[in-house]
Amino acid sequence: MGFVHSVAMKRIALLGATGSIGRQALEIIDGHPRLELVAAASGSQPIDGLAPLTQVGGDLTELLERAQPDVVLNAVVGFAGLPATLWALERGVDLALANKESLVAAGDLATAAQRRGGGRLLPVDSEHSAAYQCLEERRPEGVHSLVLTASGGPFRGRSREELTDVGPEDALAHPTWSMGPKITIDSATLMNKGLEVIEAHHLFAIPYDAIEVVVHPQSIVHGMVRFRDGALLAHAGLPDMRVPISWALTHPGREATSVPALDLTRPLSLDFEPVDVETFRCLALAREAGAAGGTAPCVLNAANEVAVGAFLEGRIGFLDIAAVVEEALARVPAEPVESLEQVLDADRRARAAAAGAGAAAA
Ligand code: NAD
Ligand code: MG
């Protein structure tokens, strides 16, 4: 008996098609005969003709209703990605998730929607894709903890004093990954790793104290899982988002990509070091918001989006980003999340608080 090949097409809706993840996803879809792009959306750039159905801005769930895709690849940046995440999870449509902000802001709602919908939530974030693969088919009781790696960003090793005057150009110069501007700033503040800790908590239903973060400047090991017997499984490869994008879109097939394999015939060093949470306050703030739960991660995320915007426009300094987030968390107290309205309201209040704190810092 030969192997049975599934010839079914996967019909994909790509949200955020003009972004860094979106463009790399188009390359993966183009290179794979069984992946069919049925719908595409962007925030503001025209995308006529990119897919049979396209939409620029507006309510992305309208596009998804028309397209009825098999897979939604959510590569929108920021809280704007939330309705699409909930749409897919509620309906049991496979969700390939790059938009971590939606899971951070509404993790409890998203996991409840996934339980009802019964579809798959496949992370595109490289650390979570790595952890998912290290965890696949393993008994949860054998797991000790997850380890998320961080490159450390362009300011690794610097003191607070050395960060007072850094500007957007300095922060946008990421050493190992080429990404959109918002996540690049989040990588410089380490808020990206903070958002990822909260993302991992929801994706893997794992307590915060079992999620470690370690700085690994080469970005070769993307994620690891420690088991209670002392074994540590690691996922390694060149830093190239086409690998986790392809993994999520072709799951469980693990189809070929044009990404080169890691060359082990040349010298390769892998360094690991602890995070300096005193300097990179955002990671500590994210852990605090995660532990507080309820609307706190939503407030953290919203305030961060406002602060990053203000920093990119030159209105506040680099260290003010953490200060603005901390102020918003203090001004908008955490409440348990029972509805989407409550999350939308917390997001609005956090944005107002952050704008106030940002104006005071400017
Ligand atoms: P980007 O800024 O390059 O692209 C963002 C995309 O979202 C664009 O297509 C933009 O038009 C679209 N968009 C923005 N607002 C929208 C709205 N209201 N409605 C519809 N579309 C909207 O960002 P990116 O770097 O591709 O990141 C996208 C997401 O993936 C983010 O959540 C980011 O954290 C996550 N992510 C990115 C990377 C990476 O390597 N770039 C890695 C891991 C996770
Ligand atoms: Mg990541």
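The values are calculated or read from the model by the stated rules, or taken from the named source; none is laboratory data. Not measured: the values here are computed from a predicted model. All Cβ positions, even for glycine, are placed from backbone atoms using ideal geometry, and neighbour counts span all protein chains on display. Quick note on the areas: whole protein, heavy atoms, side chains included, nothing else; ligands and nucleic acids left out. Shrake-Rupley method; radii C 1.70, N 1.55, O 1.52, S 1.80 Å.
Structure notes:
- Qualifying residue in segment 22-35 (condition: of a type outside the set (Gly, Ala, Ser), modelled with pLDDT of 95 or more and within 9 Å of ligand 1 (Cβ to nearest atom)): yes
- Lone unmet requirement of (1) within 12 Å of ligand 1 (Cβ to nearest atom); (2) in a loop (DSSP other than H, G, I, E, B) for LEU73: (2)
A quick yes/no check of all residues on (1) within 13 Å of ligand 2 (Cβ to nearest atom); (2) free of Cβ contacts under 8 Å to residues at least 60 places away in the same chain; (3) closer than 23 Å to SER20 by Cβ:
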residue: TYR208; (1), (2), (3): no, no, no
residue: HIS222; (1), (2), (3): yes, no, yes
residue: ARG228; (1), (2), (3): no, no, no
residue: ALA231; (1), (2), (3): no, yes, no
residue: GLY237; (1), (2), (3): no, yes, yes
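- Going through (1) under 23 Å from CYS282 (Cβ atoms); (2) more than 16 Å from ligand 2 (Cβ to nearest atom); (3) assigned to a helix (DSSP H, G or I); (4) not hydroxyl-bearing (Ser, Thr, Tyr) one by one, LEU86 falls short only on (1).
- Single unsatisfied condition, TYR132 versus (1) part of a helix (DSSP H, G or I); (2) among the aromatic types (Phe, Trp, Tyr); (3) open to solvent by less than 10 Å² (accessible area, probe 1.4 Å): (3)
- Against the list (1) within 16 Å of ligand 2 (Cβ to nearest atom); (2) outside any strand (DSSP E or B); (3) surrounded by fewer than 21 Cβ atoms within 10 Å (Cβ to Cβ), the condition VAL214 fails is (2).
- Number of the exception - GLU305 against (1) open to solvent by 10 Å² or more (accessible area, probe 1.4 Å); (2) touching an Asp or Glu at 6+ places or on another chain (Cβ under 7 Å): (2)
- Annotation: ILE47 fulfils all but one of (1) closer than 25 Å to ARG287 by Cβ; (2) away from ligand 2 (no atom under 16 Å from the Cβ); the unmet one is (1).
- Any hit, segment 230-247, residues being of a type in the set (S, T, N, Q) and open to solvent by 40 Å² or more (accessible area, probe 1.4 Å): no
- Boolean, ASP276 is charged (D, E, K, R), assigned to a loop (DSSP other than H, G, I, E, B) and either open to solvent by 10 Å² or more (accessible area, probe 1.4 Å) or within 26 Å of GLU169 (Cβ to Cβ) (or both): yes
- Restricting segment 162-183 to residues that are part of a helix (DSSP H, G or I) and over 15 Å from ARG315 (Cα atoms), the residue that is farthest from ligand 2 (Cβ to nearest atom): GLU162
- Taking segment 107-126 as the range and being buried (at least 22 other Cβ atoms within 10 Å of the Cβ), away from ligand 2 (no atom under 16 Å from the Cβ) and within 13 Å of the chain's Cα centre (by Cα) as the test, no residue passes.
- Of residues in segment 1-18 being at pLDDT 95 or above and assigned to a loop (DSSP other than H, G, I, E, B), the one most open to solvent (accessible area, probe 1.4 Å): THR18
- Among the residues making up segment 343-362, those that are open to solvent by less than 40 Å² (accessible area, probe 1.4 Å) and under 23 Å from the mean Cα position of the chain (by Cα) are VAL343, ALA346, ASP347, ALA350, ALA354.
- Count of residues meeting criterion [within 11 Å of ligand 1 (Cβ to nearest atom), of a type in the set (Ser, Thr, Tyr) and open to solvent by 50 Å² or more (accessible area, probe 1.4 Å)] in segment 156-193: 1
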